[in-house]
């Protein structure tokens, strides 16, 4: 699993996410926990656009 996420989450939040994902996949559809590989690709807030060519987290030209 490849996840793109901003980098404002701390290590404890990431570890909780990893556990939750493998717990859910083990429960249904019954996958093996050791077969789940999760990679988080962090980036900065200016790297996000949700449409219309707008970067909602960019507040000033210096943020670009």
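The values are calculated or read from the model by the stated rules, or taken from the named source; none is laboratory data. The structure presented is a predicted model; accordingly, all values stated were derived computationally and were not measured. Positions of Cβ are backbone-derived with ideal geometry, glycine not excepted, and every protein chain shown enters the neighbour counts.
Modelled with pLDDT of 95 or more and surrounded by 10 or more Cβ atoms within 10 Å (Cβ to Cβ): is that true of residue 9 in this structure?
Working: modelled with pLDDT of 95 or more: no; surrounded by 10 or more Cβ atoms within 10 Å (Cβ to Cβ): yes.
In short, no.
May I ask you to list the residues in segment 9-34 that are closer than 22 Å to residue 46 by Cα and touching a strand residue (DSSP E or B) at 6+ places or on another chain (Cβ under 9 Å)? Can you show your working first?
Taking segment 9-34 as the starting set, the residues that turn out to be closer than 22 Å to residue 46 by Cα are 9-11, 13-14.
Matches in segment 9-34: 9, 14.
As an exercise: evaluate residue 54 against (1) surrounded by 11 or more Cβ atoms within 10 Å (Cβ to Cβ); (2) in a loop (DSSP other than H, G, I, E, B); (3) over 12 Å from the mean Cα position of the chain (by Cα) and give the number of the one condition it does not meet.
Only one criterion in (1) surrounded by 11 or more Cβ atoms within 10 Å (Cβ to Cβ); (2) in a loop (DSSP other than H, G, I, E, B); (3) over 12 Å from the mean Cα position of the chain (by Cα) is unmet by residue 54, namely (1).
Return the residue satisfying two criteria in turn: it lies in segment 18-42 and is in contact (Cβ under 8 Å) with a residue 12 or more places away in the chain and surrounded by 12 or more Cβ atoms within 10 Å (Cβ to Cβ), and of such residues it is nearest to the chain's Cα centre (by Cα). Full working, then the answer.
Restricting attention to segment 18-42, the residues satisfying the condition of being in contact (Cβ under 8 Å) with a residue 12 or more places away in the chain are 18, 21-22, 36-42.
Checking which are surrounded by 12 or more Cβ atoms within 10 Å (Cβ to Cβ) leaves us with 18, 21-22, 36, 38, 40, 42.
Values: 18: 10, 21: 12, 22: 15, 36: 15, 38: 10, 40: 5, 42: 7 Å.
The extreme case among them is 40.
Among the numbered criteria (1) in a helix (DSSP H, G or I); (2) surrounded by 13 or more Cβ atoms within 10 Å (Cβ to Cβ); (3) without any contact (Cβ under 8 Å) to a residue 24 or more places away in the chain, which one does residue 14 miss?
(3)
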